[in-house]
């Protein structure tokens, strides 16, 4: 029997690997980072067979945002991730790291479905707020000492919780929306245009570098969201005439500027 710590994002994976090495408890084990953000884009189950639709969307998004050079590396990361997940057997223990955000909550749902025959354990970042008065939304924002504190708060997931998580995942897949946020402790589906108003609020009548608009949007958003999706929506707003472009629209974000009409 092995222990596998699974977390959303490569930065969180690196943090956990570094921190878990220092943990002498029974929870020492392999760390697997999931290089995907299921809070945006078409949602599907984790697995090679059903990933094609999402991969097509990711490739189209990278093409639209001038970042297609990243596609080969991303494919390699996906293949490595799926290979690691497929090597887990049903006697292994799964430890899922989860904060109050849709990215990690949806990953938790995904893992409850994929490993429903396994013993699953959960680490909740909310324990930091309850016991240490520290509010952190994403695992990747933790310090190593936070990780070590949280390993003592690992708890098993009940069969009832697994059933609920699987139902929630199926609901989100059936709703088939492009944005998902955590709202009143439940993941809510939203339209693709959900962040558009905030993007426009961060633009001005004078030209600004696109990364400044994108970064401002991410910084002011109540919900964690990646720069690639905000960049993707920024290009759509250009197409709609709601933003004016200076530069080549097919270029990466750092090479373009935008302003309000």
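The values are calculated or read from the model by the stated rules, or taken from the named source; none is laboratory data. Predicted, not measured: the structure shown is a model, and the values here were computed from it. Reconstructed Cβ throughout: ideal geometry from the backbone, glycine too, with neighbour counts over all protein chains shown.
One line per residue, one yes/no per condition, for (1) in contact with a strand residue (DSSP E or B) (Cβ under 7 Å, 6 or more places away or on another chain); (2) exposed (fewer than 15 other Cβ atoms within 10 Å of the Cβ); (3) within 27 Å of residue 91 (Cα to Cα); (4) outside the structural domain of residue 44 (by TED's automatic domain parsing):
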| site | (1), (2), (3), (4) |
| --- | --- |
| 120 | yes, no, yes, no |
| 128 | no, no, no, no |
| 138 | no, no, no, no |
| 146 | no, no, no, no |
| 166 | no, no, yes, no |
| 170 | no, yes, yes, no |
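Among the residues of the stretch 217-242, which ones are in a loop (DSSP other than H, G, I, E, B) and within 30 Å of residue 187 (Cα to Cα)?
Selection gives 221, 222, 223, 224, 225, 226, 240, 242.
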Query - Checklist (1) surrounded by 17 or more Cβ atoms within 10 Å (Cβ to Cβ); (2) over 27 Å from residue 141 (Cα atoms); (3) in contact with a helix residue (DSSP H, G or I) (Cβ under 6 Å, 6 or more places away or on another chain) applied to residue 66, failing item - result: (3)
Report task. Return a yes/no flag: does the stretch 63-75 have any residue that is in contact with a strand residue (DSSP E or B) (Cβ under 9 Å, 6 or more places away or on another chain), in contact (Cβ under 8 Å) with a residue 40 or more places away in the chain and in the same structural domain as residue 95 (by TED's automatic domain parsing). Result -> no
Report task. Determine if the stretch 86-102 includes at least one residue that is surrounded by 20 or more Cβ atoms within 10 Å (Cβ to Cβ), at pLDDT 90 or above and in a helix (DSSP H, G or I). Result -> yes
Query - In the stretch 103-114, the residues that are more than 11 Å from residue 8 (Cα to Cα) and either surrounded by fewer than 22 Cβ atoms within 10 Å (Cβ to Cβ) or under 9 Å from the mean Cα position of the chain (by Cα) (or both) - result: 113, 114
Query raised in the report: residue 250 is checked against (1) surrounded by 13 or more Cβ atoms within 10 Å (Cβ to Cβ); (2) in the same structural domain as residue 62 (by TED's automatic domain parsing); (3) modelled with pLDDT under 95 and fails just one. What number does that condition carry?
Result: (2)
Report task. Residue by residue through the stretch 165-184, note down the ones that are assigned to a helix (DSSP H, G or I) and touching a helix residue (DSSP H, G or I) at 6+ places or on another chain (Cβ under 6 Å). Result -> 165, 166, 168, 169
Requested in this report: Return yes or no: is residue 207 over 17 Å from residue 102 (Cβ atoms) and in contact (Cβ under 8 Å) with a residue 60 or more places away in the chain?
Outcome: no
Report summary line: Of 209, 205, the only residue that is more than 19 Å from the chain's Cα centre (by Cα) and closer than 26 Å to residue 68 by Cα is 209
Query raised in the report: Got at least one residue in the stretch 152-162 being touching a strand residue (DSSP E or B) at 6+ places or on another chain (Cβ under 8 Å), part of a helix (DSSP H, G or I) and assigned by TED's automatic domain parsing to the domain that holds residue 90?
Result: yes
Report task. Select, from 187, 258, the only residue that is farther than 24 Å from residue 70 by Cα, part of a strand (DSSP E or B) and in contact with a strand residue (DSSP E or B) (Cβ under 7 Å, 6 or more places away or on another chain). Result -> 187
Requested in this report: Just give me the residues in the stretch 190-207 being touching a strand residue (DSSP E or B) at 6+ places or on another chain (Cβ under 7 Å), crowded, with 19+ Cβ neighbours inside 10 Å and more than 20 Å from residue 54 (Cβ to Cβ), in sequence order.
Outcome: 203
Query raised in the report: Does residue 134 satisfy the criteria of being assigned to a helix (DSSP H, G or I) and out of contact with any strand residue (DSSP E or B) (no Cβ under 8 Å at 6 or more places or on another chain)?
Result: no
